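S.K.: The structure under discussion is supplied below as structure tokens; questions concerning it will follow.
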Amino acid sequence: MTSARHYSVPGVPGLAVGVLDLGLACCSMEIGAAITAGLLVPADNTPSEAAVLLVSGTVTDAMAPAVLAAWNALPEPRRAVSFGACANTGGPYWDAPTVLKGIDQVIPIEVYVPGCPPRPEALIAGLAELVIR
Amino acid sequence: MPSNAHSLIGLNPDACTSCMICVRECPVWCIDLASHTHEVTEEGARRPKVVHVLDEFTIDFGACMYCGICVDVCPFDALAWSNETDQSAHSASGLVHGIDQLVKWFPASGS
Amino acid sequence: MKQVPVEAWAAELAACRDAGYDVLDMIAGVDRSEWIEVIASVMRTSDAACELVATRLDSDHVIASITDVYAGASWYERELAEMFGVRIAGAHDERPLLRRTDEGAPILLKSTVLGARVLTPWPGDADASDDAKANRRRQRAVGVAEDWLVSDGGSHE
């Protein structure tokens, strides 16, 4: 199992998170875009308050058990963010019999980030919601 | 954020005629519209005319693919791209926004 | 794009490989209603040349496996089988890709009606003219055949 990477978030003072990025489709490109734009800065051994599972992209029924396994493997305290229309509700694939209608059917989601894809700024705003909560 | 970024979609309820075109063209069925008809008799008119009155208009941004088809097909420019940033929510239903919110996202004229 | 008869499919792809096209980019199926078109895209890394090879499956939806030519074809052949109902001849991987059950028709065929499109009330069906004054014609969502329309004339609330 891939271990979570640690990031600091310059736009949100005090926020350092361990993010396990589960990029399942095109939305995951935006995570890379956020890093390239300096919105999300990879950091070594930054103490993190919470392990964040970031689910971005289309979750097929076939893939759902892998997402659940990744969630179960994450140490407490853990929180999950659903990133993009597919992970939120199925999005453009809402009518496909092979696609889950929202990852919240499998794991508890704390923040839903809308967009298709959401912009990198929206990712940061979503992570900030974890702090505000 | 770039000014042409696909962010959110705003509604001008005064321009909307409840024609349902956006609702029917939406690929992900994320727009819901409810309206009722109302007879208006204008002075000097021979017959009363039937107008549609918009009751509810919601966009589920959890499902919305930001394709902009609704903005493009609206014959009355009642829908427009907003420059507001995306809004995260703590529940999937929190991404469903009605007239009260959508009107705030409709860009001011001239912008 | 090279159009070949289905009998020549495997031989043509083998010829591509022998001509230096070392990478199978992808194989795609397209439902043309009357037939299923299968297109393979191959690339040659030495000079970035690309070639498309296409064939059509008419009544008999069977195509030879090319996994012995390009091992990477396996994924796409599983996709053709699962999504388009194409039968793959020869040794190939028969495991399903995305479907968890065998139920239902191949979902990328145009003739296949997606259950969610039938069961989910279409928001476009609602109309202020439900008071029957305007007498507008009721409409049907794209992708839902006429005989699938369940209409009781009332609301879906």
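S.K.: First select every other residue whose beta carbon is under 9 angstrom from the beta carbon of C:Ile27; then total the charges, Lys and Arg +1, Asp and Glu -1.
M.R.: For residues surrounding C:Ile27, the net value is -3.
S.K.: Let me ask something else. Under a point-charge model restricted to the Cβ atoms of Lys and Arg (+1) and Asp and Glu (-1), what is the dipole moment magnitude of the protein assembly as shown relative to its Cα centre, in debye to the nearest 20?
M.R.: Here the size comes out at about 260 debye.
S.K.: Still on this structure: For B:Phe106, list long-range residues whose amide hydrogen, built 1.01 Å from N in the peptide plane, is under 5 Å from its own amide hydrogen.
M.R.: Placed amide hydrogens put B:Leu11 under 5 Å from B:Phe106.
S.K.: Cross-link list B:Lys49/B:Lys104; B:Lys49/C:Lys110; C:Lys2/C:Lys110: which exceed 32 angstrom alpha carbon to alpha carbon?
M.R.: B:Lys49/C:Lys110
S.K.: Which value, in Å² rounded to 10, gives the accessible area of C:Leu108 with a 1.4 Å probe and all protein chains present?
M.R.: 90 Å²
S.K.: Follow-up question, since we're still on this one. Which whole number in µm²/s is D for the protein assembly as shown by Stokes-Einstein, with the Kirkwood Rh taken over Cα pairs at 37 °C and 0.692 mPa s?
M.R.: Answer, rounded: 135 µm²/s.
S.K.: Starting from the alpha-carbon convex hull of chain A, give the projected area averaged over all orientations, in nm².
M.R.: 7.2 nm²
The values are calculated or read from the model by the stated rules, or taken from the named source; none is laboratory data. Predicted model only: the values in this text are computed from it and were never measured. Neighbour counts run over all protein chains shown; Cβ positions are idealised from the backbone, glycine included. For the accessible areas, the whole protein counts, side chains as well, though only heavy atoms, and no ligand, DNA or RNA atoms are used. Shrake-Rupley method; radii C 1.70, N 1.55, O 1.52, S 1.80 Å.
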